[in-house]
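Single-structure report; data block below.
The values are calculated or read from the model by the stated rules, or taken from the named source; none is laboratory data. Since the model is a prediction, treat every value here as computed from it, not as a measurement. Neighbour counts are summed over all protein chains in view; Cβ atoms, including those assigned to glycine, are modelled from backbone coordinates with ideal geometry.
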Amino acid sequence: MKNIALIIVALGVGLAAASGARNADPVTQQDNLNGLTSRYCKAPADLSAARAKQVANGCDESAWDGVDAVPVADVSALEVQWVEANATFKAHGFANDTVPAGTRLSGWWDKSGILFVLGLAMILGGAMLFRRGNASETAGGTDAGPKFVDMGDMLTRITSELKVLETNMVQTSTPTTGDVDYVKETIDGVLNGPMAAIIDARDQLVQRYGMAGFAEVFGPFAGGERNLNRAWSSVVDSHWPESTAAIGNAVAGLEGAKAALDQLASARKG
Amino acid sequence: MATPNPSEHRGKGSPIKVPPGAYREVTIPAIVLGALLGAFMTAAFVYMALKLGFTLSGSTVAAILGFGVLRGVLKNGTIIENNINQTIASGVNNASAGISFTLPALFLLGLKDDSLLNFDIWPFILAAVAGTFMGVVLIIPLRKQMIEFERLRFPSGIAVATLLKSPGAGLRQAKLLFGGFIVAALFTLSTQKEIGLLDHDLVVNGLFGIPAYIPIAVSISFASIGAGLLSGKGGLPFVFGGILAWWIVAPAMVGMGWAPSIDVPDNDAFQASAMYGGMIRPLGIGMLIGGALAGVVAAFPALRSALKSLSSAAKVKGGKGSDEMSTKVLYVGLAAAAMALFIAALIATQDVSVGQAAAMAIIGTVWLALAGLIVAQATGMTDISPLSGMSLIAVTLIFFVSSQNVIASILLGVAICIGIGQCADMMTDLKAGHLVGSIPKRQQMVQFAVSWIGAPVAIGIIFLLWGQGPDGVGGFGPGSESGLSAPQGEALASIIHSLQNGNVAIEKYIAGASAGAALGVLPIGGIGVLVGLAMYLPLAVTLAYGVGCIIAMILQKTNGQAWMGSTLVPVAAGFIIGEALTSLLYILGKQLVGAA
């Protein structure tokens, strides 16, 4: 269902983009005139007779300054187009030769309004369908499913491992280079292993407990993660006491995340 | 590589020397070095922006120099201290883009209308500083939302963090980082105009006779590929948006006769250009806005939770609560900065009434918040910032609120452009900080204390360069003797000229915003912003990023997540750093050779 929903959204975006980008007629005429002006008024500079006529037709002489001339074989053919496009656009009588906002809006709406609304409806419909698919997956999903990440269990394992690390660090009075490697590699293992898995599975939390519930867990979790990073940096800088303290703070953060998760789970059951 | 059992290392090797005292983080050397590097980069990058039309982020340069000074010369620098140094340097340097994309437009418009040159420097400095502070305070709740909850990648932030962590990452990762750097540096060098060994634009349209409005082109950039490698599957909606716009919507519009068309040999190129500039790009800007607004609504529960946790953190003395900046700073800072904007608008020109100045300050603040969110989100997901599009909307809004007052519009444009850039920059630095374990509150405090320096430096350089022209005016701009054509300023000047004539693609903005908001119903974070960004950018840029995303997905499937972290991340970081640094050094070298 989610794949069908995404296809509907994609089609809706395409339709809304094409119809939303569509110009009102006077805007297209203005664009055409601008395109022709830049070609006609910058046509080859060696045609002095043509140049004189270009100026007489209203081309700004400064248009040639520092601009690469567009090679056009037949300036006169271009001139016919330019004169015609100029007359068509000028016939609207817009002040400053600019299409007013009201004309742009109403012209666009008349041409594309229905298609654009249809595109929007497809985006909204597809998105709602996608949400429904998500919701039914969450409702029907079991805690033993192949993609299920037991965050509570993982958080317990991580904090246990880090508590051992903290105890070992506290007990080490004369740290060695090997001890530094031990701390670094333990932190790397935790960050790239279970913590990365929890981060990858964060949508699971959003789907179960909503954004607010997710934030309650991920706030302290991220604090724990940052403190682990701090422990890594400070141990690399040989600052053993700072690293030990940061591990302690990381444990506190991760325990906070676990407590928040347990609270949400019991509230959901209740 | 890590051993299967890290405990085997315990007690082995020689004793380490534990540094005395507290762990070095916010230190005088880090602040001074960051401020100095930032100020120098601001001056250099303003010049570069006037010459070439773009600037670069200073984070990588500052991080590398930070290694040299803090670790090499002072011998006691730490990873996090260097993160503070690069946070400050890039925060200060952020003003170079904000100022050089906006303020020169006023000078250039002044060449045709003398009255526009009759303005004072101080309101601009005040507005620019206010914009800087706004950008920093807005990040306070967004940091939790984007970095901790949405887990946005911020590829440049990852690259900088990888660089910062390189002293402890081991020889293998250092080699990978260096390897990525060398590949990107060699490619970047070989595509420079003066060297011309390779072309960074791979366009195959001509080979198969495919019209220009169906671009089959990749703008090969190792920074874009690196960003895609770091984003992986999450970046696919962006690529999908670009493909949909250019390979389906554009040809369909031509087929149905909806695209402008003239009877010239290069009509397909004309149609491609007219559809991009006048149809798809404005629609993309609207979609960015709608997508961001919908994102705020969808993420409201998490944002509320972030604000709640920040408020409760502020009440806790010490402990982990003190890692977060208080929401009071957000509210007071926003109010103070809005007041500064109001004063700046009022004193900048006599034609603005008190009511108009108040409206400009309020609308400017609200827009900055939304645009800051958009730019930070886009940067977080793709490393590409739609800064110019958001600044264009800012100037348009203020232009109409101020009854078409050009000075006031550009004044607020300066503040908003700096503020938006500050949001993206600060967020990238906070991401790097998260990955190395910096305390966000300290990063934000130093940013507060120092980043405003960039505004007066950049504005001063603009005034100085302008005064170098004949009779003390015209020091930059198209055809100026200095060769500083100020392309971004010229572009904004021409947009303001269009606004003066009433030429605003309002229907495209409305349609795009509606579609972007509708996409927000889909429970995929930031999808409206990603699809909008894809329409806002040329497809060639999007595809380069897409190549990176697809390679990352394949590698993740074949090698697993752990391999991605230990191998792909340093290579991708090397790509981003290699291209940025080589481009910068090449440009500076060229300028020095030219000056000699």
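Scan segment A:164-174 residue by residue and report those that are touching a residue at least 40 places away in the same chain (Cβ under 8 Å), part of a helix (DSSP H, G or I) and β-branched (V, I, T). Outline the logic, then answer.
We begin by selecting, within segment A:164-174, every residue touching a residue at least 40 places away in the same chain (Cβ under 8 Å); these are A:165-166, A:169-170, A:172.
Among the residues that remain, those that are also part of a helix (DSSP H, G or I) are: A:165-166, A:169-170.
The answer is A:V170, and nothing else.
With respect to B:L164, determine if the residue is out of contact with any Asp or Glu (no Cβ under 9 Å at 6 or more places or on another chain), more than 12 Å from chain A (Cβ to nearest Cβ) and outside any loop (DSSP other than H, G, I, E, B). When the stated conditions are applied, B:L164 does not pass them.
When you go through A:A265, A:A246 one by one, which is the residue that is in the same structural domain as A:I158 (by TED's automatic domain parsing), closer than 19 Å to A:Q171 by Cα, assigned to a helix (DSSP H, G or I) and of a type in the set (A, V, I, L, M)? Full working, then the answer.
Working: A:A265 fails: closer than 19 Å to A:Q171 by Cα.
None of the other options fit; the residue is A:A246.
There is at least one residue in segment B:492-510 that is closer than 23 Å to B:S409 by Cβ and more than 14 Å from every other protein chain (Cβ to nearest Cβ).
On the basis of being at pLDDT below 90, crowded, with 20+ Cβ neighbours inside 10 Å, in contact with a helix residue (DSSP H, G or I) (Cβ under 7 Å, 6 or more places away or on another chain) and at negative phi, does B:L530 make the cut? Give the steps one after another, and end with the answer.
Details: at pLDDT below 90: yes; crowded, with 20+ Cβ neighbours inside 10 Å: yes; in contact with a helix residue (DSSP H, G or I) (Cβ under 7 Å, 6 or more places away or on another chain): yes; at negative phi: yes.
In short, yes.
Within segment B:457-476, the residues that satisfy the criterion of being surrounded by fewer than 19 Cβ atoms within 10 Å (Cβ to Cβ) and out of contact with any Ser or Thr (no Cβ under 8 Å at 6 or more places or on another chain) are B:G460, B:F463, B:L464, B:G467, B:P470, B:D471, B:G472, B:V473.
Against the numbered list (1) surrounded by 23 or more Cβ atoms within 10 Å (Cβ to Cβ); (2) away from every other protein chain (no Cβ under 13 Å); (3) in contact with a Phe, Trp or Tyr (Cβ under 8 Å, 6 or more places away or on another chain), B:I216 comes up short only at (1).
Results for (1) part of a helix (DSSP H, G or I); (2) at pLDDT 95 or above; (3) facing another protein chain (nearest Cβ under 8 Å); (4) touching a Lys or Arg at 6+ places or on another chain (Cβ under 8 Å), shown as yes or no for each residue.
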{"residue": "A:G119", "(1), (2), (3), (4)": "yes, yes, yes, no"}
{"residue": "A:R132", "(1), (2), (3), (4)": "yes, no, no, no"}
{"residue": "A:T138", "(1), (2), (3), (4)": "yes, no, no, yes"}
{"residue": "A:P146", "(1), (2), (3), (4)": "no, no, no, no"}
{"residue": "A:I158", "(1), (2), (3), (4)": "yes, yes, no, no"}
{"residue": "A:L162", "(1), (2), (3), (4)": "yes, yes, no, no"}
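For segment B:408-437, give me each residue that is over 19 Å from the mean Cα position of the chain (by Cα) and in a helix (DSSP H, G or I).
We begin by selecting, within segment B:408-437, every residue over 19 Å from the mean Cα position of the chain (by Cα); these are B:408-411, B:435-437.
Hits for segment B:408-437 are B:A408, B:S409, B:I410, B:L411, B:L435, B:V436.
Scanning segment A:56-107 for residues that are assigned to a helix (DSSP H, G or I), surrounded by 14 or more Cβ atoms within 10 Å (Cβ to Cβ) and either outside the structural domain of A:T37 (by TED's automatic domain parsing) or modelled with pLDDT under 75 (or both) turns up A:A63, A:W64, A:V75. Does A:M211 satisfy the criteria of being more than 8 Å from chain B (Cβ to nearest Cβ), of a type outside the set (F, W, Y) and in a helix (DSSP H, G or I)? When the stated conditions are applied, A:M211 does not pass them.
Matching residues to (1) outside the structural domain of A:L254 (by TED's automatic domain parsing); (2) surrounded by fewer than 24 Cβ atoms within 10 Å (Cβ to Cβ); (3) among the small types (G, A, S); (4) closer than 28 Å to B:N559 by Cβ:
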residue: A:V190; (1), (2), (3), (4): no, yes, no, yes
residue: A:A197; (1), (2), (3), (4): no, yes, yes, yes
residue: A:R202; (1), (2), (3), (4): no, yes, no, yes
residue: A:V206; (1), (2), (3), (4): no, yes, no, yes
residue: A:Y209; (1), (2), (3), (4): no, yes, no, no
residue: A:A215; (1), (2), (3), (4): no, no, yes, no
residue: A:G219; (1), (2), (3), (4): no, no, yes, no
residue: A:E225; (1), (2), (3), (4): no, no, no, yes
residue: A:S234; (1), (2), (3), (4): no, no, yes, no
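Just one of the numbered conditions (1) under 30 Å from B:A62 (Cβ atoms); (2) out of contact with any helix residue (DSSP H, G or I) (no Cβ under 9 Å at 6 or more places or on another chain) is not true of B:Y586: (2). In the set A:A252, A:A265, only one residue is at pLDDT 95 or above and either more than 32 Å from the chain's Cα centre (by Cα) or more than 7 Å from every other protein chain (Cβ to nearest Cβ) (or both); that residue is A:A252.
Where helices (runs of 4 or more DSSP H) fall wholly inside segment B:290-406, the ranges with 3 or more residues that are within 30 Å of B:S231 (Cα to Cα) and at pLDDT 80 or above are B:354-382, B:387-401. For A:D200, the requirement of being under 27 Å from B:R71 (Cβ atoms) and either of a type in the set (A, V, I, L, M, F, W, C) or at the interface with chain B (Cβ under 10 Å from one of its Cβ atoms) (or both) is not met. Within this structure, B:I510 passes the test of being among the β-branched types (V, I, T) and surrounded by fewer than 22 Cβ atoms within 10 Å (Cβ to Cβ). When A:A16, A:A24 are checked against the criterion of being within 9 Å of chain B (Cβ to nearest Cβ), closer than 24 Å to B:I510 by Cβ and modelled with pLDDT of 95 or more, A:A16 stands alone in meeting it. Of the listed requirements (1) farther than 30 Å from A:Q204 by Cα; (2) out of contact with any helix residue (DSSP H, G or I) (no Cβ under 6 Å at 6 or more places or on another chain); (3) more than 9 Å from chain A (Cβ to nearest Cβ), B:W563 misses just one: (1).
When segment B:65-82 is filtered for residues that are crowded, with 18+ Cβ neighbours inside 10 Å and more than 14 Å from chain A (Cβ to nearest Cβ), the ones remaining, listed by number, are B:L65, B:V69.
Listed by position, the helices (runs of 4 or more DSSP H) contained in segment B:54-156 that have at least 2 residues being over 16 Å from the mean Cα position of the chain (by Cα) and at pLDDT 90 or above are B:79-100, B:103-110, B:121-143. Just one of the numbered conditions (1) at positive phi; (2) without any contact (Cβ under 8 Å) to a residue 12 or more places away in the chain is not true of B:G232: (2). Would you pick out the residues in segment B:10-53 that are part of a helix (DSSP H, G or I) and within 14 Å of chain A (Cβ to nearest Cβ)? Answer for segment B:10-53, where residues must be part of a helix (DSSP H, G or I) and within 14 Å of chain A (Cβ to nearest Cβ): just B:A30.
With respect to the conditions (1) closer than 23 Å to A:F130 by Cα; (2) at pLDDT 90 or above, A:Q171 lacks only one, and its number is (1).
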